[in-house]
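Inspection log for the structure reproduced underneath, given as structure tokens.
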Amino acid sequence: MRPNIVVSSVDMDRLETLLDALPSAQSAARHALLEELSRAELVEPADMPPDVVTMNSRVRFALDQPAEEFTLTLAYPKDMRPGDDRISVLAPVGNALIGLSAGDSIDWTRPDGAAFKLTVLDVLYQPERAGELHR
């Protein structure tokens with residue numbers, strides 16, 4: 001069973017626009033994110049709980065296979081830069097992160113079929129918590 005997720009109305013609108021514009025070559029990424037967003041509870045940005053991973057949040061999380069900890073910012077593909085510390089929401093880990101709260105874990109599958117467990121350890125920065133409601 002997957003944990004409940006929360007997504008802001010602003011993020012949902014932007015993610016739906018992104019998904020509508022994706023080329024057919026990215027249908028697997030599109031399907032995975034659509035499936036995840038279909039489970040989301042929508043809230044207004046001002047009502048976002050402070051420990052939820054939203055777009056542009058800086059997140060500390062752990063993977064179990066291999067056991068490793070990361071601190072990355074969840075980003076839209078257009079904001080990705082080589083060598084920076086961002087993860088695209090279209091990447092499997094990015095799909096898994098969106099909407100989770102600190103302390104949540106989720107079982108996920110890599111494109112190669114390997115399973116992993118992701119646990120959100122802390123939301124270090126969240127735009128909504130910082131008052132950036134329409135970034």
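Bear in mind that the values in this text are calculations on the coordinates, not laboratory data. Quick caveat, the model's predicted, so the values are computed rather than measured. Using ideal geometry, Cβ is built from the backbone for each residue, glycine included, and neighbour counts are taken over all protein chains shown.
Residue by residue, region 110-127 carries 3J(HN,Hα) couplings of 6, x, 7, x, 6, 8, 8, 10, 10, 10, 7, 8, 6, 9, 6, 8, 9, x Hz when phi is fed to the Karplus relation 6.51 cos²θ - 1.76 cosθ + 1.60 (θ = phi - 60°); x denotes Gly or Pro.
Taking amide hydrogens as placed 1.01 Å from N in the peptide plane, the amide H of I5 sits under 5 Å from those of E41, each at least 5 positions away in sequence or on another chain.
One way to sum up the overall shape of region 1-73 is the equivalent ellipsoid from its Cα gyration tensor, whose semi-axes run 21, 19, 12 Å, largest first. Proximity of backbone amide H atoms, modeled 1.01 Å from N, is registered between Y125 and R58 at under 5 Å, excluding neighbours fewer than 5 places apart on the same chain. Between A28 and L121, what is the label-point separation in nm under the 7 Å Cα-to-beta-carbon projection? Here the modelled spin labels are 2.9 nm apart.
Between V43, V123, V52, the Gaussian network model of the chain with springs among Cα atoms under 10 angstrom shows the greatest mean-square fluctuation at V43. Shape verdict for the chain, please, from the Cα gyration tensor: rounded (a/c under 1.5), prolate (a/b greater than b/c) or oblate. In terms of gyration-tensor shape, rounded. Between R2 and T71, the distance separating the two model label sites (each 7 Å from Cα on the Cα→Cβ line) works out to 2.8 nm.
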